[in-house]
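The values are calculated or read from the model by the stated rules, or taken from the named source; none is laboratory data. Because the structure is a prediction, the values reported are computed rather than measured. Positions of Cβ are generated from backbone atoms using ideal geometry, with glycine treated the same way; all protein chains shown enter the neighbour counts. Just the protein is used for accessible areas: all its heavy atoms, side chains included, with ligands, DNA and RNA removed. Shrake-Rupley method; radii C 1.70, N 1.55, O 1.52, S 1.80 Å.
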Amino acid sequence: MATSASSKLNKAVKQQYMNLPQGDKAQAMYIWIDGSGEGLRCKTRTLDSEPKTIEDLPEWNFDGSSTYQSEGSNSDMFLIPAAMFRDPFRKDPNKLVLCEVLKYNRKPAETNLRQTCKQIMSMVENNHPWFGMEQEYTLLSTDGHPFGWPSNGFPGPQGPYYCGVGADKAYGRDIVEAHYRACLYAGVDICGTNAEVMPAQWEFQVGPCEGINMGDHLWVARFILHRVCEDFGVVVSFDPKPISGNWNGAGCHTNFSTKEMREDGGLKIIEESIERLAKRHMYHIRAYDPKGGLDNARRLTGHHETSSIDEFSAGVANRGASIRIPRSVGQDKKGYFEDRRPSANCDPYIVTEALVRTCLLKEEGEEPTDHSK
Amino acid sequence: MATSASATLSKAVKQQYMELSQGDKVQAMYIWIDGTGEGLRCKTRTLDFEPKSIEDLPEWNFDGSSTYQCEGSNSDMYLIPAAMFRDPFRKDPNKLVLCEVLKYNRKPAETNLRITCSKVMAMVEDQHPWFGMEQEYTILGTDGHPFGWPSNGFPGPQGPYYCGVGADKAYGRDIVEAHYRACLYAGVDICGTNAEVMPAQWEFQVGPCEGINMGDHLWVARFILHRVCEDFGVVASFDPKPITGNWNGAGCHTNFSTKEMREEGGLKAIEESIEKLGKRHSYHIRSYDPKGGLDNARRLTGHHETSNINEFSAGVANRGASIRIPRNVGQEKKGYFEDRRPSANCDPYSVTEALIRTCLLNEEGDEPTDY
């Protein structure tokens, strides 16, 4: 079976080393998004003591010419600590540190979408925007084929797998269980998991997170998933349409609400927001995957519980629409709504930023407004 | 998969034995560099007490004809304890003891480069020279092929592996994690790790260390890596160009500073040092691998983030130069510089000594001065 060579290394041996005391020293693993806008990179440094807050963590730098981010002749890029979590792999007192990337001139790197998101979020703090993102993903063997699928074929058609149980229904649950616990330990706001419609496809949900935290928690949850899969010797893919044909794609449905929407009569605000979103469909589609819509074009076909990429639609309890209003929200006349368009490999910073720009800052037109002036 | 037979022995069985108490007796593992200048050897003795400092450890000897170090007819060589660390394999109270090797006539063995390094460092104590060395290495299976690579082929091209995460990007992280913890326990000044550009290639950094400590800490870190890999059944290679073609080599970039360079306006001292280094390129190349430059000739091609072995160059944030000045150092006008020429299998004593001789003792010409 195509699991990695690394996963066959003796874990009892490793455990003995990991049990060695480390004195006062702490290991901080700095994590950043590379030039692809989807890939994650990491490296570690020793600190003389346990950092208590993000301010305790120093700036660092790395070689951007090795991560699709700069040329070799001028390759230093800066890592600015942004959010700190407990390390579920090395455990306390060690940390995972999500970082922003700056270019040599201290301007944000092309794929540093956090900086602008943070500015936008700070403009609407009083609205208390909450997000919940439903991250779908597919497990693959190291040969690139979905994990557990017959090596030269396909499983039976979709139907029995969604939320399934049993060795013929659920492929790779160990990864899901391990990831869930690791996220809880780390302090990531993971709120649920389920098996998805395609076998070897799963989903976890992160939230509710307010403002910039949504992006931070989702990126760290993704990093943890990559690391957990590495330990098991399998690969996680966030590709929005890993298998063409009659197999589901993978999205990142984004649930959104403001304080106003959550209060009595909030449905009115929800409907106003949806009207604004309807007028700005292309801007959102461009923001909802790392290739300006090209990735989602393979997923948003109008079939397999997706809307068509060319059309905007909304409806109560409608999973074929761009926006779904949960039935309970329709009944309570308050709550939240679900934007089903974002791709599984979206950048949550720009997804959440786009929702705030359109719904709260009431922007219109194809381009985001430059609020820095 | 090509892991060793040893790696399949029951570790639970071993653990039961390792948990036996040892009374007041202590095991001291003496470590030394053999006749190749790259290989490490070790043997253990029992002591009746826990040594508290290096002075507590007795001299010892070994058979140099079995380590490429002398003839059988006159083969006793001396082991002189030089630096002591906690043993992460046998744990407290046991020790790892790095040793210098002397010949039968008490002169230093050919590959004992520590003794001269120590003298040179003593001459410049007041300048507080600090070093940080970035040790790159490749993990191999026991078949000699890089670990995790397809047995009869190659992985996808370089690009996704540097600092990567995921089973398709990072090959052998367990070794890196185990090594990091073992070094922290032992008291080695390990300051970081990262995955490198070629898959199954990794890097750890040791420092900042002052003077002779750099060589001591790096050699012990290398020993620990070999021992950790042995436990996992794989092999660590410090060869500077393990795979020919469009695959990165392995270096040991050496960062250097003095008290003057670290203080306000230190950039001037850095630039002066680089000028001196620019005039002594061949002497340094000869000091930067155990074969007088022949090993590095396979690595320093001018491609794959290296400078060309035949030319000296320096630049800010330039990874294709012999010497790189980090960007923040250029901005703050003080700090340190990075010599990117040393090979992964260099002797850190020889490297650090060469930097002191040229930059601080102002030596010139192709030969080191005899003090």
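Scan segment A:236-256 residue by residue and report those that are closer than 27 Å to A:S6 by Cβ and more than 16 Å from the chain's Cα centre (by Cα).
Quick first cut of segment A:236-256, residues closer than 27 Å to A:S6 by Cβ only: A:236-239, A:242-243, A:250.
Answer for segment A:236-256, where residues must be closer than 27 Å to A:S6 by Cβ and more than 16 Å from the chain's Cα centre (by Cα): A:P242, A:I243.
Only a single criterion out of (1) under 27 Å from A:F337 (Cα atoms); (2) part of a helix (DSSP H, G or I); (3) over 16 Å from the mean Cα position of the chain (by Cα) is not satisfied by A:C183, namely (3).
Look through A:F204, A:F147 and report the one residue that is within 30 Å of A:M84 (Cα to Cα), of a type in the set (F, W, Y) and in contact with a Leu (Cβ under 9 Å, 6 or more places away or on another chain). Spell out the reasoning first.
Working: A:F147 fails: within 30 Å of A:M84 (Cα to Cα).
Selected residue: A:F204, the only one of A:F204, A:F147 that is within 30 Å of A:M84 (Cα to Cα), of a type in the set (F, W, Y) and in contact with a Leu (Cβ under 9 Å, 6 or more places away or on another chain).
Selection within segment B:117-155: residues that are more than 12 Å from chain A (Cβ to nearest Cβ) and part of a strand (DSSP E or B). The member of this set that is farthest from B:E100 (Cα to Cα) is B:T138.
Taking the criterion of being among the hydrophobic types (A, V, I, L, M, F, W, C) and either more than 20 Å from B:W149 (Cβ to Cβ) or in the same structural domain as B:P81 (by the TED database) (or both), the residues of segment B:229-262 that qualify are B:C252, B:F256, B:M261. In segment B:104-114, the count of residues that are in a strand (DSSP E or B) and within 14 Å of chain A (Cβ to nearest Cβ) is zero. Applying the criterion of being in a loop (DSSP other than H, G, I, E, B) and within 7 Å of another protein chain (Cβ to nearest Cβ) to the residues of segment A:1-22, the residue that is surrounded by the fewest Cβ atoms within 10 Å (Cβ to Cβ) is A:P21. What pairs come up if the first residue lies in segment B:239-258 and is closer than 25 Å to B:E272 by Cα, the second is open to solvent by 10 Å² or more (accessible area, probe 1.4 Å) and not in a loop (DSSP other than H, G, I, E, B), and their beta carbons are under 6 Å apart, counting only those six or more places apart or on different chains? Filtered contacts from segment B:239-258: B:G251/B:E136; B:H253/B:E134; B:N255/B:G132; B:S257/B:W130; B:T258/B:Q127.
When segment B:282-300 is filtered for residues that are surrounded by fewer than 19 Cβ atoms within 10 Å (Cβ to Cβ) and polar (S, T, N, Q), only B:S282 remains.
Note on segment B:1-34: among residues that are modelled with pLDDT of 95 or more and in contact with a helix residue (DSSP H, G or I) (Cβ under 8 Å, 6 or more places away or on another chain), the one that is farthest from B:D92 (Cα to Cα) is B:I33. Residues of segment B:310-366 that are among the acidic types (D, E), outside any loop (DSSP other than H, G, I, E, B) and open to solvent by 10 Å² or more (accessible area, probe 1.4 Å): B:E332, B:E353.
So that you can scan it fast, the table gives a plain yes or no per residue for (1) modelled with pLDDT under 95; (2) open to solvent by less than 20 Å² (accessible area, probe 1.4 Å); (3) within 20 Å of A:E71 (Cβ to Cβ):
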site	(1), (2), (3)
B:K259	no, no, no
B:G266	no, yes, no
B:R280	no, yes, no
B:G302	yes, no, yes
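Any idea how many residues of segment A:48-76 are at the interface with another protein chain (Cβ under 10 Å from one of its Cβ atoms), farther than 19 Å from B:N194 by Cα and surrounded by fewer than 17 Cβ atoms within 10 Å (Cβ to Cβ)? So the count comes out to 2. Contact map, segment A:128-141: residues that are small (G, A, S) paired with residues that are open to solvent by 20 Å² or more (accessible area, probe 1.4 Å) and in a strand (DSSP E or B), Cβ distance under 9 Å, separation 6+ or inter-chain. Pairs shown: A:G132/A:C191; A:G132/A:Q205; A:G132/A:P208; A:G132/A:N255. Here segment B:166-192 is the region considered, the condition is being free of Cβ contacts under 8 Å to residues at least 12 places away in the same chain and surrounded by fewer than 24 Cβ atoms within 10 Å (Cβ to Cβ), and the residue that is farthest from the other protein chains (Cβ to nearest Cβ) is B:E177.
From the list A:E55, A:E50, the one residue that fits, being in contact (Cβ under 8 Å) with a residue 24 or more places away in the chain, over 30 Å from A:D239 (Cα atoms) and either assigned to a loop (DSSP other than H, G, I, E, B) or not assigned by the TED database to the domain that holds A:D216 (or both), is A:E50.
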